[in-house]
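Report on one structure; see the data block that follows.
A short reminder: the numbers here are calculations on the coordinates, not readings from a lab. Here the structure is a predicted model, which is why all the values come from computation and not from measurement. All Cβ positions, even for glycine, are placed from backbone atoms using ideal geometry, and neighbour counts span all protein chains on display.
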Amino acid sequence: MSRIGKKPIVLPAGVKYTVNGDSVLVEGPKGKVTAMLPGGIKLVEKDGALLAERENDKQAAFHGLARALVFNAVQGVTAGWTKELDIVGIGYRVELKGKNMVVFTLGYSHPIEFPLPAGIEVAIDPKQTHVTISGIDRQKVGQVAADMRSLRKPDPYKNKGVRYTGEKLKKKVGKTGAK
């Protein structure tokens, strides 16, 4: 039995779910999120909590996945998801242009305009070196953060670039130190 799959999903007050074939629509105070439900997995409500149950052991590989997807949707509509990025480097900065456009200055000959998808909000600190990405869909928040990071990945020699907050980098020695 899957350890993650048998954990109950606590449904907070104000959260409703509906199962439509192979998808689950979760509605809460922050909005609506749709999560995929693999075949052979059912959601059963017991004591105000959801349990993911599988029909037989052929769906064992999807048991934990289904529970995690529904949990992420429930967490998203109640508390939301956030990712934080740090921009490190002299002259590197980020600014908000309008409501759904982020402009990065990352040492290239031109600024990079990054359009935000629907459902994603961005907050930038006054120093213009810290970005907080938030939304209700965990997959979309993570993908936007990964796309922003890929604009200028952290350099292992100079430690410059866009990185996740708290990300540990292994600094490499240059030519002179490699004797």
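Here is how the numbers come out for the structure above:
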read-out: Subset of LYS7/LYS58; LYS7/LYS83; LYS7/LYS30; LYS42/LYS153; LYS7/LYS170; LYS127/LYS171 violating a 30 Å alpha-carbon distance limit; value: LYS42/LYS153; LYS7/LYS170
read-out: The range 1-69 and the range 101-179: distance between their alpha carbon centers, rounded to Å; value: 33
read-out: Packing-based exposure ordering (other Cβ within 10 Å, fewest first) of TYR17, TYR164; value: TYR164, TYR17
read-out: Pairwise label distance in nanometres, THR132 with ALA79, each label 7 Å out on the Cα-Cβ vector; value: 1.5
read-out: Distance between modelled label sites at ILE112 and THR18, nm, 7 Å Cα→Cβ extension; value: 4.1
read-out: Likely footprinting exposure, ARG3, ARG138, ARG93, fewest C-beta neighbours within 10 Å first; value: ARG3, ARG93, ARG138
read-out: Folded to 0 to 90 degrees: helix 60-78 orientation relative to the chain principal axis, Cα; value: 70
read-out: Residue-count net charge about THR78 - beta-carbon cut-off 14 Å; Lys, Arg +1, Asp, Glu -1; value: +2
read-out: Nearest 10 degrees, 0 to 90: helix 138-149 Cα axis against the chain principal axis; value: 10
read-out: Rounded to whole Hz, the Karplus (6.51, -1.76, 1.60) HN-Hα couplings of the range 88-97, x for glycine and proline; value: 10, x, 5, x, 7, 7, 9, 9, 8, 10
read-out: The range 6-63 pair-distance distribution - Cα-Cα, 5 Å bins, rounded %; value: 4, 18, 25, 27, 17, 6, 2, 0
read-out: Charged-residue dipole, Cβ positions (Lys, Arg, Asp, Glu), the chain about Cα centre, Debye nearest 20; value: 1020
read-out: Cα-projected label distance for TYR157 with LYS170, points at 7 Å along beta-carbon direction, nm; value: 1.8
read-out: Karplus-derived 3J(HN,Hα), 6.51/-1.76/1.60, for each residue of the range 152-159, Hz, glycine and proline x; value: 8, 5, x, 7, x, 8, 10, 6
read-out: Order of LYS170, LYS16, LYS7, LYS83 - criterion: other Cβ atoms within 10 Å of each residue's Cβ, fewest first; value: LYS170, LYS16, LYS7, LYS83
read-out: Percent of alpha-carbon pairs separated by more than 29 Å within the range 1-151; value: 33
